[in-house]
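Working notes, structure below.
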Amino acid sequence: MGTGSRVLLCKTSSSSFTLLPPSSTYTRFVAFKSFAPSSTTSNSKTHHHRMATESSSSPSSLTNNDNNTPSPSPSNDAAPAPPPSPSASSAIDFLSLCHRLKTTKRAGWVKRGVRDPESISDHMHRMGLMALAAPDIPGIDRDKCVKMAIVHDIAEAIVGDITPSCGVSKEEKSRREREALEHMCQLLGGGSRAKEISQLWMEYEENSSPEAKIVKDFDKVEMILQALEYENEQDRDLEEFFQSTAGKFQTEVGKAWAFEIVSRRRKQQ
C-alpha cells in the first residue's frame, strides 16, 4: 500500500478477519497493538483494532509476525508468585514487640550492680557493627553475619535475658526461646521475611555455619569489650566475664579481637 492508504481490519462472526478497502469518508482510526508492519513497506503504518468487549477463544487464530506463526499458548509452568510481604499492620505489631529489646537491660550487668547497663538491643547493634567492620574472610557472607547479629537475641523480647545464673537449663532456655521466636514470626505474618529471621536465628542457635561461628565469637567479644568499658567508667572489677570467655573463641577474627581487648585491659591495670 502507498503511504497514504489506510485499512480497517474487522472481525466477523466466524472469528476470521476481513480487510476492508480504504474509505475517504472514514477519518477516525484506532491503533492496533503489536501488529508487525510488512517487510516490503517498512515506512507504512498498519493499525490493528481489537474489540474491547470481546476476547478470542482461539489464540492460534492471531498471528504475531508476517509468517503467520501462531502465538504461543500460555505456559502452565509459570513460576509461582513470591510469598507476600508482611502487611503494614503485621510489621508494626512485630516492631512494637521488638521495642522490649531496647528497654530490657542485660541481666549479667544488672546482677553485678553496673549503673545504667546496656540493653539487649544495644548489645545486638554493636555486634552488627562488628560484622560490618570485620575484615573480608573468604567464603564468609558479610551481609548474613550482619543480619544474624541483629536477630540472634530477638526471642529475648519475650523471654528476657536468661543467663546461667538464672537456674534455667540450656534445654529449657532453648525451648522457651524457640517458642518465642515462632510467636514473633507469626506476628510478622509469616512469609519470606519471617522465614529468613527464623532461619538466621536457628543457624546461630545451632552454631551450624561459618557465619554462625563468627557471630558467636562477636557475641563474646562484644561482652568483654563492654566489661572493659564498665571497668574503666565505673571503677569496678569484672574479671569473671573475661574468665567465662577465655579459650572459647572459634575463629581467627574472634581470637584476634579478644586478644586486643585483653591486652589493653592488662596495660591499664
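The values are calculated or read from the model by the stated rules, or taken from the named source; none is laboratory data. Note that the coordinates shown come from a computational prediction; the quantities given were computed from them, not determined experimentally. Counting neighbours? That spans all protein chains shown, and the Cβs are built from the backbone with ideal geometry, glycine included.
Being in a helix (DSSP H, G or I) and surrounded by fewer than 17 Cβ atoms within 10 Å (Cβ to Cβ) is the filter here; which residues of region 114-124 pass it? I'd like the intermediate steps shown before the answer.
Narrowing region 114-124 to residues in a helix (DSSP H, G or I): 120-124.
Answer for region 114-124, where residues must be in a helix (DSSP H, G or I) and surrounded by fewer than 17 Cβ atoms within 10 Å (Cβ to Cβ): just Asp122.
Which number in (1) under 20 Å from the mean Cα position of the chain (by Cα); (2) of a type outside the set (S, T, N, Q); (3) surrounded by fewer than 19 Cβ atoms within 10 Å (Cβ to Cβ); (4) assigned to a helix (DSSP H, G or I) marks the one condition that Glu179 misses?
Unmet for Glu179, out of (1) under 20 Å from the mean Cα position of the chain (by Cα); (2) of a type outside the set (S, T, N, Q); (3) surrounded by fewer than 19 Cβ atoms within 10 Å (Cβ to Cβ); (4) assigned to a helix (DSSP H, G or I): (1).
Applying the selection to region 100-113, what residues are part of a helix (DSSP H, G or I), touching a helix residue (DSSP H, G or I) at 6+ places or on another chain (Cβ under 8 Å) and not aromatic (Phe, Trp, Tyr)?
Let us first name the residues in region 100-113 that are part of a helix (DSSP H, G or I), namely 100-103, 107-111.
Subset that is touching a helix residue (DSSP H, G or I) at 6+ places or on another chain (Cβ under 8 Å): 100-102, 107-109, 111.
Passing the criteria: Arg100, Leu101, Lys102, Ala107, Gly108, Lys111.
Output the number of the condition that Ala149 fails; it satisfies all remaining conditions of (1) surrounded by fewer than 21 Cβ atoms within 10 Å (Cβ to Cβ); (2) under 21 Å from the mean Cα position of the chain (by Cα).
Result: Ala149 fails condition (1) only.
Yes or no, residue by residue, for (1) in contact with a helix residue (DSSP H, G or I) (Cβ under 8 Å, 6 or more places away or on another chain); (2) outside any loop (DSSP other than H, G, I, E, B); (3) among the polar types (S, T, N, Q):
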residue: Ala131; (1), (2), (3): yes, yes, no
residue: Asp136; (1), (2), (3): yes, no, no
residue: Gly139; (1), (2), (3): yes, no, no
residue: Asp143; (1), (2), (3): no, yes, no
residue: Ile150; (1), (2), (3): yes, yes, no
residue: Asp153; (1), (2), (3): yes, no, no
residue: Asp161; (1), (2), (3): yes, no, no
residue: Glu171; (1), (2), (3): no, yes, no
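Rundown of residues vs (1) free of Cβ contacts under 8 Å to residues at least 60 places away in the same chain; (2) closer than 30 Å to Ile92 by Cβ, yes/no style:
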position	(1), (2)
Glu182	yes, yes
Arg193	no, yes
Phe218	no, yes
Gln250	yes, no
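List every residue pair whose Cβ atoms lie under 9 Å apart, where the two residues are 6 or more positions apart in sequence or sit on different chains, the first residue falls within region 102-127 and is farther than 12 Å from Thr163 by Cβ and free of Cβ contacts under 8 Å to residues at least 40 places away in the same chain, and the second residue, located anywhere, is among the aromatic types (Phe, Trp, Tyr) and not in a helix (DSSP H, G or I).
Short answer, once both residue conditions are applied: none.
Conditions tested, residue by residue: (1) over 18 Å from Arg142 (Cα atoms); (2) of a type in the set (S, T, N, Q); (3) modelled with pLDDT of 95 or more; (4) under 14 Å from the mean Cα position of the chain (by Cα).
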{"position": "Ala194", "(1), (2), (3), (4)": "yes, no, yes, yes"}
{"position": "Ala212", "(1), (2), (3), (4)": "no, no, yes, no"}
{"position": "Val215", "(1), (2), (3), (4)": "no, no, yes, no"}
{"position": "Gln226", "(1), (2), (3), (4)": "yes, yes, yes, no"}
